[in-house]
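These notes are about the structure you will find just below.
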Amino acid sequence: MTAAAHVISAILGMRRRLLALLVLVTGLALVGASKVGVDNAVEVWFPSDDPTLLQYHGFLDTFGNDEVVVVGVHSEAGILTEDGLERLRAVGEAAEQVEGIARVRSIVTEPLVRGGRGTLEVAPVEDAQDAAAQLGIDPLVGALVSEDKRTALVLAEMAAMGDIDARRDGILADLRTAVSAIDGGTSFAGIGVVYAALNQASTVDAATVIGASYLLILVLARLLLGRWRPVMLTLTVVGLGAVWLLGLYGASGRDINMVTMVMPTLVLVIGVSDCVHMLVHVAATPADLPAFERVKEGVGAVIWPCLFNTLTTAMGFLALASASMPVIQDLGIFCALGLVAAFVVSLLLCTLMAMSPAFLPVVAATGWVQRAVDAMAQVAVRRPGQVLVVSGFVTLLALLGMTRIEVDTYSIDFLYADHPARVDSDRLEAEFGPYTPLEFVVHSDQGVRRPELLQAVASWQDRMEADPRVGWTRSLADVVENLHRVMSGESQGRVPDEPASIEQLLFLFEADADANMDRFVDATDTQVRVTVGVPMGSAKTFGQLIGSLEAMAEMPPGTRVEAAGYIPLYVRIMDHIVASQLSSFAIAFVVIFSLIGLLFRSVRMAMLAVPANLLPVFITLGAMGMVGIRLDVATVTIAAIVLGLVVDDTTQFLYRYRVMSTRHEDVADVVAATVRSVGRPMLITTVILAGGFSVLGLAAIKSVAYFGLLLAVALVSALLADLLVIPALLVVMGRR
């Protein structure tokens, strides 16, 4: 008795105990899966010791949370009216009542400096006339009202908290409810709003579309397998595999995001493939054999290639553990575990249920599936040269497309233009101008309240505000200039040349209860904060803008300027994207093809597998470049994932080719027999999965849509490579 027969006999002999174990493990997995949340925050992409992340946390420790919810209040009649100011007060008061909001700023709450020679008062605006007067002379107020005076901003600053990512969605929901009850015409924008929208789309929308995808998979499986029971068995297998995976993921305390949410889909691929191969091979055995013998022969014919497929794919995903991004590491590790779980469930349930003929698919010797498989076999055998020439031409086109891939990340662009979060953001930028805060910190061990430093900061702000990409700036220099204007009675504010004058002005300012100096300067007076209003942009756009604005700074000796807060962290992610893509793909390539060589104990077989498996990768990446899909946080793993998945059918083909080569002498006959043997389950699996994944293209979040469509492209191109390119290579090499 072969080793495969021993395994199958053991499974059938322990039927009851194994089913009880499946139920127990699934119950425990459901408990773990119930703990899985959603977290798309930028911090999950960085190792804990990343310098930019440490700098970001240092900024938060010094100046508090930099996350601001921008609430736009609109009025066609103008916001600088008593009614407009009252709306601003009501919106601000409603926002202040929301737990998790630390501070609210608007033109009716901003501490304004008034007075004359020798007198100073710090207080909010009193009425519409006062607001209009202050608007033209106080830059801190001017940054909160649009140029046409029809839109004003209410800035709701999030409280600094360690669990902000877990609480953000709830805080934003409460804020939206509270504000909308007061004023239903407001707009909501900001980085946190984008994250909340992505979280919602990642759960509600993705669940709906993935459900539709599974439904189409069910329909296609019924059409191709001919019976409902094998279809339900296959979906049960992949469902249990996904539950086991999410159970492990939740038990480890992790939340899903735009990358790891694809894990159940990847388990679906492996589970469906294994089930189809096992059930089709059992159904293809002679019907007059006893059920035990049919299962032993059918499952035994594919158990080792299925196991090896699982191991090679799992090892390919484990290569992602080399990535610098923790979330990519998690994807690799847990996908590997999920794939093993899917294989175990497939082997157990398919072996047990295949004992009943009702769970076997209808295998017809004719029909479009078999005709398509036979046609591809004939093309590969009769015209191998033409097949290889065409595949070479396709490869060149794909490589051309790859040169057009843009490495960038643009979080709000994961949402389509008609998504409410994007509509609000676009409206605010159109009516108000750039609203996204970009933070800089000016460091000086000699102190930041020096005239030469504050004068340099003021000049830097003037140069930045002359840039059309900048909407406004604010810093301690603005406070000093405004204080000097009020106290001196001059029409134009400036930074005094005497240190004592600056100290006196700031002493008077800080003595007022309405003043708030800690948002401009740190407690040690060695760091001053400069905030710049810029348009919402991608990581690359932000990176270029930061470099341009830093180049404008002309500071005294011993002073340094660095970008701070969230946006530099966002920019840094591009470095991790490139490094993760290159390292994960390179390691996956070496590991997978080394394992193929070990399985077949043949370098020749490993080399045969290379072109057929690189071609789908090239086609997928080429398609990304041709249609303008970025290589970003959502698609960074696509090359390694595609390589890990498409190798499965290659292994099945080469394994069956080795078996068939013992039965036929002519290489063309061996190739034709191999295609006829494994082509049907390969084609069935591809049609089912590619059709189902295509539905994901309807998702409201682009990362989900792109992943589904790219995976469908990869699976179809992999099928053509396995049934045309590899057979053509075998025929050409065999003839030589």
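Give the range 226-257 a look and list any residue that's open to solvent by 10 Å² or more (accessible area, probe 1.4 Å) and either under 22 Å from LEU709 (Cα atoms) or small (Gly, Ala, Ser) (or both), or say none.
Correct list: GLY226, LEU235, GLY239, ALA242, ALA251, SER252, GLY253, ILE256.
Show the residue pairs that are 6+ apart or on different chains and have beta-carbon atoms under 7 Å apart, the first residue being within the range 339-354 and within 11 Å of LEU12 (Cβ to Cβ), the second being not in a helix (DSSP H, G or I).
Between residues of the range 339-354 that are within 11 Å of LEU12 (Cβ to Cβ) and residues that are not in a helix (DSSP H, G or I), the close pairs are ALA354/LEU360.
Any chance you could count how many residues in the range 656-674 are within 43 Å of the chain's Cα centre (by Cα) and open to solvent by 30 Å² or more (accessible area, probe 1.4 Å)?
2
Is there any pair linking a residue in the range 462-473 that is of a type outside the set (A, V, I, L, M, F, W, C) to one that is open to solvent by 80 Å² or more (accessible area, probe 1.4 Å), with Cβ under 9 Å and at least six apart or on different chains, and which?
Once the first residue is of a type outside the set (A, V, I, L, M, F, W, C) and sits in the range 462-473, its partners that are open to solvent by 80 Å² or more (accessible area, probe 1.4 Å) give ARG463/GLU554; GLY471/GLU465; THR473/ASP462; THR473/GLU465.
Go through the residues of the range 494-507 one by one and say whether even a single one is surrounded by fewer than 20 Cβ atoms within 10 Å (Cβ to Cβ), touching a residue at least 24 places away in the same chain (Cβ under 8 Å) and either touching a strand residue (DSSP E or B) at 6+ places or on another chain (Cβ under 7 Å) or among the aromatic types (Phe, Trp, Tyr) (or both).
no
Matching residues to (1) under 26 Å from MET574 (Cα atoms); (2) open to solvent by 60 Å² or more (accessible area, probe 1.4 Å); (3) not β-branched (Val, Ile, Thr):
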residue	(1), (2), (3)
ILE8	no, no, no
MET14	no, yes, yes
LEU21	no, yes, yes
VAL25	no, no, no
VAL31	no, yes, no
GLN55	yes, yes, yes
LEU60	yes, no, yes
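Could you check the range 590-639 and list, in sequence order, the residues that are without any contact (Cβ under 8 Å) to a residue 60 or more places away in the chain and among the small types (Gly, Ala, Ser)?
If the condition is that a residue be without any contact (Cβ under 8 Å) to a residue 60 or more places away in the chain and among the small types (Gly, Ala, Ser), then SER594, GLY597, SER602, ALA606, ALA639 are the ones that fit.
Which one of these is of a type in the set (Asp, Glu) and within 28 Å of ARG529 (Cβ to Cβ): GLU99, GLU82, GLU76? Quick ask: steps written out before the conclusion?
Values: GLU82 fails: within 28 Å of ARG529 (Cβ to Cβ); GLU76 fails: within 28 Å of ARG529 (Cβ to Cβ).
Residue meeting the stated conditions: GLU99.
Please work out if THR26 is assigned to a helix (DSSP H, G or I), of a type in the set (Ser, Thr, Tyr) and out of contact with any Leu (no Cβ under 7 Å at 6 or more places or on another chain).
No, not satisfied.
How many residues are of a type outside the set (D, E, K, R), assigned to a helix (DSSP H, G or I) and over 15 Å from ASN309 (Cα atoms) when one looks only at the range 585-604?
Keep residues of the range 585-604 that are of a type outside the set (D, E, K, R), which gives 585-600, 602-603.
Filter again for assigned to a helix (DSSP H, G or I), leaving 585-600, 603.
In the following step, the residues that additionally are over 15 Å from ASN309 (Cα atoms) were identified as 585-587, 590, 603.
Total meeting the criteria: 5.
Say whether the condition of being within 16 Å of MET261 (Cβ to Cβ), β-branched (Val, Ile, Thr), in contact with a helix residue (DSSP H, G or I) (Cβ under 6 Å, 6 or more places away or on another chain) and open to solvent by 10 Å² or more (accessible area, probe 1.4 Å) is met by at least one residue in the range 713-735. Spell out how you get there, then give the answer.
At the first step, the residues of the range 713-735 found to be within 16 Å of MET261 (Cβ to Cβ) are none.
Checking the range 713-735: not a single residue is within 16 Å of MET261 (Cβ to Cβ), β-branched (Val, Ile, Thr), in contact with a helix residue (DSSP H, G or I) (Cβ under 6 Å, 6 or more places away or on another chain) and open to solvent by 10 Å² or more (accessible area, probe 1.4 Å).
Which one is nearest to VAL193 (Cα to Cα), of the residues in the range 69-93 that are touching a Ser or Thr at 6+ places or on another chain (Cβ under 9 Å) and open to solvent by 10 Å² or more (accessible area, probe 1.4 Å)?
HIS74
Results for (1) under 19 Å from SER391 (Cβ atoms); (2) touching a Ser or Thr at 6+ places or on another chain (Cβ under 7 Å), shown as yes or no for each residue.
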residue: PHE600; (1), (2): no, no
residue: LEU614; (1), (2): yes, no
residue: ILE641; (1), (2): no, no
residue: GLY644; (1), (2): no, yes
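Give the residue that is modelled with the lowest pLDDT, with candidates limited to residues of the range 170-184 that are surrounded by fewer than 23 Cβ atoms within 10 Å (Cβ to Cβ) and in contact with a Gly (Cβ under 9 Å, 6 or more places away or on another chain). Give the steps one after another, and end with the answer.
In the first step, residues of the range 170-184 are kept if they are surrounded by fewer than 23 Cβ atoms within 10 Å (Cβ to Cβ); the result is 170-171, 173-174, 176-178, 180-184.
Checking the rest, the ones that are also in contact with a Gly (Cβ under 9 Å, 6 or more places away or on another chain) come to 170-171, 174.
Working: GLY170: 87, ILE171: 90, ASP174: 92.
Among them, the one singled out is GLY170.
Kindly check whether there is at least one residue in the range 635-644 that is part of a helix (DSSP H, G or I) and open to solvent by 10 Å² or more (accessible area, probe 1.4 Å).
At the first step, the residues of the range 635-644 found to be part of a helix (DSSP H, G or I) are 638-644.
Of the ones still in play, those that are also open to solvent by 10 Å² or more (accessible area, probe 1.4 Å) are none.
No, the conditions are met nowhere in the range 635-644.
The values are calculated or read from the model by the stated rules, or taken from the named source; none is laboratory data. Quick caveat: nothing in here was measured; it's all calculated off a predicted structure. Using ideal geometry, Cβ is built from the backbone for each residue, glycine included, and neighbour counts are taken over all protein chains shown. When the accessible area is computed, the model is the full protein with side chains, heavy atoms only, and any ligands, DNA or RNA have been set aside. Shrake-Rupley method; radii C 1.70, N 1.55, O 1.52, S 1.80 Å.
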